[in-house]
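Undergrad: The structure under discussion is supplied below as structure tokens; questions concerning it will follow.
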Amino acid sequence: MKIIGEKINGTRKQVAKAITERDADFIKTLAQKQAEAGATWLDINAGTHPNQEAEDLIWLIETVQAVVDTSLCLDSANPKALAKAIKAVNKTPMINSISGEPERLEGILPLVAEHGCQVIALAMGGKKMPDSMEARVDIIHKVIEATRAAGVPDEYIYVDPLAMTISTNIQSGMIACDTIRAVHRTYPDVHFTIGLSNISFGLPARSYINRTFLTLAMAAGLDSAILDPLDRDLQAAILSTALVLGRDRHCLNYTRAYRAGVFGSSHK
């Protein structure tokens with residue numbers, strides 16, 4: 001299970017303040033803590049005005065790369081900002097994201113292909129969120145036709161089946177899981193990721209919902225998620241789910257993580 005660390009996101013008030021004030025120490029601390037917690041990628045989202053976004057993304061990238069060598073996930077729907085920011089990365093980044101929207105495919109997919117990036121592909125084709133598994137699968141068919149035509153290997157694609165809040169549609173979790181299963185049947189080399197916390201938005205005690213959904217989604221085939229790697233309970237859920245699903249040979253990842261204090265009683 002690969003983790004995309006979610007915390008460097010300009011839609012968060014403290015991060016937005018740090019970007020505006022160029023508080024490098026705050027951003028460096030977020031980067032270091034997520035890297036130490038085992039994040040595979042660090043999501044980098046400036047969340048600023050399109051005219052300012054490229055400059056802010058580059059500052060974030062350079063600030064993070066000064067203290068960690070973890071790969072980055074450049075999170076923007078702005079092709080111009082991404083084209084400039086991608087030149088600042090030390091390692092080939094993941095791009096978050098393309099979708100079935102023609103402007104996103106036309107603007108961002110060429111960058112993905114040119115730089116050999118892995119990419120998140122949203123099961124979304126317009127402004128309205130598709131409300132059925134069938135509609136989402138149809139969108140992903142079109143997206144993968146486009147990525148294949150552009151020469152992007154299926155194994156570079158991380159399909160996001162969309163985790164919509166359960167508070168507005170009680171079937172949201174099951175629709176996302178069914179979408180994973182359906183896409184995996186047709187495209188066995190494709191990976192899956194999801195913005196985990198979306199599922200519980202607007203509800204109390206959100207961590208219980210997030211952990212339960214993560215377990216079900218992993219059973220369906222989810223192998224990556226955008227989440228908080230500092231959440232020890234989530235780390236425990238990931239490790240124990242992989243264990244029960246038979247994906248942890250000799251239980252080594254689980255037992256080593258426990259001994260290292262990743263979850264449970266810390267032995268540090």
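Undergrad: Could you run through the range 1-40 and say how many residues are assigned to a loop (DSSP other than H, G, I, E, B) and in contact (Cβ under 8 Å) with a residue 40 or more places away in the chain?
TA: 9
Undergrad: Of everything in the range 85-102 that's out of contact with any helix residue (DSSP H, G or I) (no Cβ under 6 Å at 6 or more places or on another chain) and more than 15 Å from Ile44 (Cα to Cα), which residue is surrounded by the fewest Cβ atoms within 10 Å (Cβ to Cβ)?
TA: Checking each candidate, the answer is Pro102.
Undergrad: Go through the range 39-49 and report how many residues are surrounded by 18 or more Cβ atoms within 10 Å (Cβ to Cβ) and over 15 Å from Cys73 (Cβ atoms).
TA: 1
Undergrad: Related question: Can you tell me which residue among Gly38, Gly10 is on the phi > 0 side of the Ramachandran plot, under 20 Å from the mean Cα position of the chain (by Cα) and small (Gly, Ala, Ser)?
TA: When all the criteria are applied, what remains is Gly38.
Undergrad: Among the residues of the range 103-144 satisfying the criterion of being surrounded by fewer than 17 Cβ atoms within 10 Å (Cβ to Cβ) and modelled with pLDDT under 95, which is nearest to Asn90 (Cα to Cα)?
TA: Across the range 103-144, the extreme among qualifying residues is Glu103.
Undergrad: Scan the range 185-204 and give yes if some residue there is more than 25 Å from Thr147 (Cα to Cα) and among the basic types (Lys, Arg), otherwise no.
TA: There is no residue in the range 185-204 that is more than 25 Å from Thr147 (Cα to Cα) and among the basic types (Lys, Arg).
Undergrad: For the range 8-19, state whether one or more residues are under 19 Å from Ile194 (Cα atoms), buried (at least 22 other Cβ atoms within 10 Å of the Cβ) and of a type in the set (S, T, N, Q).
TA: No, because not a single residue in the range 8-19 is under 19 Å from Ile194 (Cα atoms), buried (at least 22 other Cβ atoms within 10 Å of the Cβ) and of a type in the set (S, T, N, Q).
Undergrad: Please enumerate the residues belonging to the range 120-142 that are among the β-branched types (Val, Ile, Thr) and closer than 23 Å to Leu72 by Cα.
TA: Residue satisfying the conditions is Ile120 alone.
Undergrad: Under 7 Å by Cβ, and 6 or more places apart or on different chains, what pairs join a residue from the range 216-239 that is without any contact (Cβ under 8 Å) to a residue 40 or more places away in the chain with one that is charged (D, E, K, R)?
TA: Cβ pairs passing all conditions: Asp233/Arg211; Leu234/Arg211; Leu234/Asp228; Ala237/Arg211.
Undergrad: I would also like to ask the following. Please work out which residue is nearest to Ala35 (Cα to Cα), limiting yourself to the range 238-259 and to residues that are more than 25 Å from the chain's Cα centre (by Cα) and hydrophobic (A, V, I, L, M, F, W, C).
TA: Leu252
Undergrad: Based on this model, can you work out whether Thr255 counts as polar (S, T, N, Q), more than 26 Å from Val119 (Cα to Cα) and outside any loop (DSSP other than H, G, I, E, B)?
TA: yes
Undergrad: Considering only residues that are β-branched (Val, Ile, Thr) and farther than 12 Å from Asp56 by Cα, which ones fall in the range 9-26?
TA: Of everything in the range 9-26, just one residue is β-branched (Val, Ile, Thr) and farther than 12 Å from Asp56 by Cα, namely Thr11.
Undergrad: Among the residues of the range 57-73, what is the count of those that are aliphatic (A, V, I, L, M), touching a helix residue (DSSP H, G or I) at 6+ places or on another chain (Cβ under 6 Å) and either within 16 Å of Asn9 (Cβ to Cβ) or not in a helix (DSSP H, G or I) (or both)?
TA: Residues flagged as aliphatic (A, V, I, L, M), touching a helix residue (DSSP H, G or I) at 6+ places or on another chain (Cβ under 6 Å) and either within 16 Å of Asn9 (Cβ to Cβ) or not in a helix (DSSP H, G or I) (or both) within the range 57-73 amount to 5.
Undergrad: I've got another one for you. Test Ile226 against the criterion of being of a type in the set (Val, Ile, Thr) and in contact with a Cys (Cβ under 9 Å, 6 or more places away or on another chain), and give yes or no.
TA: yes
The values are calculated or read from the model by the stated rules, or taken from the named source; none is laboratory data. All figures in this text were calculated on a predicted structure; none of them were measured in a lab. Positions of Cβ are backbone-derived with ideal geometry, glycine not excepted, and every protein chain shown enters the neighbour counts.
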